[in-house]
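What follows is one structure encoded as structure tokens, with my remarks underneath.
The values are calculated or read from the model by the stated rules, or taken from the named source; none is laboratory data. Keep in mind it's a predicted model, so treat the numbers as computed, not measured. Here the Cβ positions follow ideal geometry from the backbone for every residue, glycine too, while neighbour counts run over all protein chains shown.
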Amino acid sequence: MSHALGRHAVALASVREVAARSGAQRVVLLVDEGEDVPPTMVEWAEGGTFELTEKGVSEPIDPATLAGVPPAVSPDVRPLPPTALTVDPGTGELAAPIGALAGIAGAVVALAAAFGGRSVATAEFATREPGVPLALAARPGERVVAQLGTETFAFPEGWP
């Protein structure tokens, strides 16, 4: 196990947990390492591939190395299938079952909050529109931001 993997095992396990529970096709966590240090990036992509980037050095991570590592966050959310999420990038309209969007956004907020500071979590979700995922981004204490295609929208303060 590399030193970077050892230091960030909980972040890796947390990203995997949020991806599995929410149904995201991609989850990225930028872990705040302090004022003068670049953030560490943990990335999970559909299919279970992991990559850890610390101080500009990237390494693929075998998910099996995380067996037994408890995540810092286990959000109570159900996976959102692409057929349940309708989007219109031109107007910013989103349609999903009641509570589903707040649930997945809450999972992204919880992931960012679990690592504090200026940490940022993002997650991409497939939608009914092929090639137009919904991306959500969250940082502790800030509004959740959504991106549809090239358009960016901020949710109301305090949501979800």
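If the condition is being closer than 17 Å to residue 45 by Cβ, in contact with a strand residue (DSSP E or B) (Cβ under 6 Å, 6 or more places away or on another chain) and surrounded by fewer than 23 Cβ atoms within 10 Å (Cβ to Cβ), then the range 105-126 contributes 122, 124. Out of (1) surrounded by fewer than 16 Cβ atoms within 10 Å (Cβ to Cβ); (2) in contact (Cβ under 8 Å) with a residue 12 or more places away in the chain; (3) over 27 Å from residue 101 (Cα atoms), the odd one out for residue 35 is which? Residue 35 satisfies all of (1) surrounded by fewer than 16 Cβ atoms within 10 Å (Cβ to Cβ); (2) in contact (Cβ under 8 Å) with a residue 12 or more places away in the chain; (3) over 27 Å from residue 101 (Cα atoms) except (2). Of all the listed residues (102, 19, 72), the sole one being surrounded by 12 or more Cβ atoms within 10 Å (Cβ to Cβ) and touching a Lys or Arg at 6+ places or on another chain (Cβ under 9 Å) is 19. Among residues of the range 123-142 that are touching a residue at least 40 places away in the same chain (Cβ under 8 Å), those with a beta-carbon under 8 Å from a residue that is of a type in the set (Asp, Glu) and not in a loop (DSSP other than H, G, I, E, B) at least six positions away or on a different chain give the pairs 133/124; 134/124.
Taking the conditions exactly as written (touching a strand residue (DSSP E or B) at 6+ places or on another chain (Cβ under 6 Å), free of Cβ contacts under 8 Å to residues at least 60 places away in the same chain, among the hydrophobic types (A, V, I, L, M, F, W, C) and over 25 Å from residue 38 (Cα atoms)), does residue 64 satisfy them or not? It is false that residue 64 is touching a strand residue (DSSP E or B) at 6+ places or on another chain (Cβ under 6 Å), free of Cβ contacts under 8 Å to residues at least 60 places away in the same chain, among the hydrophobic types (A, V, I, L, M, F, W, C) and over 25 Å from residue 38 (Cα atoms).
Would you mind stating whether residue 66 is touching a His at 6+ places or on another chain (Cβ under 7 Å) and under 30 Å from residue 3 (Cα atoms)? No. Residue 66 - would you say it is at pLDDT below 95, surrounded by 15 or more Cβ atoms within 10 Å (Cβ to Cβ) and in contact with a Phe, Trp or Tyr (Cβ under 9 Å, 6 or more places away or on another chain)? Taking the combined requirement at face value, the residue satisfies it.
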